[in-house]
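I have placed the structure first, in the form of C-alpha cells, so that the comments after it can refer back to it.
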Amino acid sequence: MPKKHKIIVDDYIDYTIKKIKELPAGKYYIGDLCYLQSKLKEDSYSYEVINIIFYGTKYTPPVEKTGMYEDVATGICFYFTAGFGGDGTYDTYVNGKYKLGLAVDSGSIGAFPYPHASEFKSKGARSPAGQRKIPDSFMKEHTLTHTFKEDFECGETYGKIFRGGANLVAACSIGDVVVDFKGSDEE
C-alpha cells in the first residue's frame, strides 16, 4: 500500500527507484503503462510514479532496464520491461490459457498495482494537451487486470525474434501471466 504523503516534485526530493526480488500480492494492471497513465489524474500517486518510470526526474533517470522495482517515496512496487523490440499486439496467457492480445504503444510493458478509484479521472474529464484519449472499450479489449493471491516474481525469456534476428526478450512472465513477444503484428 502506498505511503500516505503528498508527492512534491521539486529540486529537493530525490526519488529513488530500487530493485526488488518480488512483487506483493494484489490486483495489478498488466500492459503498456502509457494507457493506464492516460486514465489517471495528474496529481495521483500512480500517475507520478509512471511519469518517473518513463521520464525520470532531475535526480532520478527513467527506468530503462527490465526488472522489478519499488518507488521508495510512495512504496509502489512494479515490473517494467522494454527489451522486446517494439510496439504491436502480443498474445497473453493466464495459467497457460490464451486471454487477449495485449496492445503496446510505448515499446514497453509493466505490471503496476491497480490504482484506487479516486486516482482515476472522472468520466468525460479532458486529457492534457497532446495526450491521446484512450477509449474504455480499447482498455477492456487490449489490457489486462489480474489479481495475484501471493507475492510473485517476474522474468524474461530471451531468444531470436522478429527485429532482424536480434537476441531480444521473447516472452515475459508476470507471476502466472505470460506475454509472448514473438507474435507481434508490427515489425
- [ ] Taking amide H positions as placed in the peptide plane 1.01 Å from N, state which residues far from residue 25 in sequence (5 or more) or on other chains have amide H under 5 Å from it.
- [x] 151, 152
Task: Long-range HN-HN contacts of residue 73 with modeled amide H, under 5 Å - done: 16
TODO: Step through the table entries 18/149; 19/121; 39/140; 99/121, compare each Cα-Cα distance with 18 Å, and write down the pairs that go over it.
DONE: 18/149; 19/121; 99/121
- [ ] Can you tell me which of 35-43, 66-74 comes out highest on packing, and rank the rest after it, using the mean Cβ neighbours within 10 Å?
- [x] 66-74, 35-43
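Each value in this text was obtained by applying a stated rule to the coordinates, not by laboratory testing. Please read these numbers as outputs of a predicted model, since none were measured by experiment. Please note: Cβ atoms are built from the backbone with ideal geometry, for glycine as well, and neighbour counts cover all protein chains shown.
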